[in-house]
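Remarks on the structure that follows.
The values are calculated or read from the model by the stated rules, or taken from the named source; none is laboratory data. Keep in mind that what you see is a predicted model, and the values were worked out from it rather than measured. Reconstructed Cβ throughout: ideal geometry from the backbone, glycine too, with neighbour counts over all protein chains shown. Heads up: the accessible areas ignore ligands, DNA and RNA and are worked out on the full protein's heavy atoms, side chains in. Shrake-Rupley method; radii C 1.70, N 1.55, O 1.52, S 1.80 Å.
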Amino acid sequence: MQPLELLENTVKILDKKNGLNLKALEVADLTSVADYFVIVSGTSSTHVRALSEILEEEMTKLGVEPAHVEGKSTGWILLDYLSVVVHVFTPEERERINMEKLWGDAKEMDLSAWLMD
């Protein structure tokens, strides 16, 4: 699956499961780690776990497995799909880590075409 298609599927899955404040940063010009970072919040640690689990399940159905998953028992779960790295946060952890500021030079992607109204 191409990086942009992987990004689109990721965004749609997280949005459908009520992920909050969903953002994607294009980081390909800034790092060799990934092409895109997806940042999303859950309402609680339970919601964060649910978002990460449903993302894994739905991506598996599409034939894509994460290369690495970290933080399943924390307020920040990272799912590494190589070209797309997904960061699922509790609101408190997202504010503390502040990925948007940390990667302030990255271009924020327009996700409006993929988000449900």
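The table below gives the values:
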item	result
Residue count, the range 52-78 (criterion: in contact with a strand residue (DSSP E or B) (Cβ under 6 Å, 6 or more places away or on another chain), within 21 Å of LEU102 (Cβ to Cβ) and not polar (S, T, N, Q))	7
Residue ranges of helices (runs of 4 or more DSSP H) in the range 27-106 with at least 1 members under 19 Å from ASP15 (Cβ atoms) and without any contact (Cβ under 8 Å) to a residue 24 or more places away in the chain	45-61
Criterion violated by THR10 - all others in (1) within 14 Å of LEU82 (Cα to Cα); (2) in a strand (DSSP E or B) satisfied	(2)
Failed item, numbered, when ASP105 is tested on (1) modelled with pLDDT of 95 or more; (2) in contact with a strand residue (DSSP E or B) (Cβ under 8 Å, 6 or more places away or on another chain)	(2)
Filtered residues of the range 49-74 (kept if within 12 Å of VAL86 (Cα to Cα) and among the β-branched types (Val, Ile, Thr))	VAL69
Of residues in the range 40-52 being buried (at least 23 other Cβ atoms within 10 Å of the Cβ) and among the β-branched types (Val, Ile, Thr), the one farthest from the chain's Cα centre (by Cα)	VAL48
Subset tally (residues that are over 20 Å from GLU5 (Cβ atoms) and surrounded by 15 or more Cβ atoms within 10 Å (Cβ to Cβ)) for the range 70-86	5
Subset tally (residues that are open to solvent by less than 10 Å² (accessible area, probe 1.4 Å) and of a type in the set (Ser, Thr, Tyr)) for the range 6-38	1
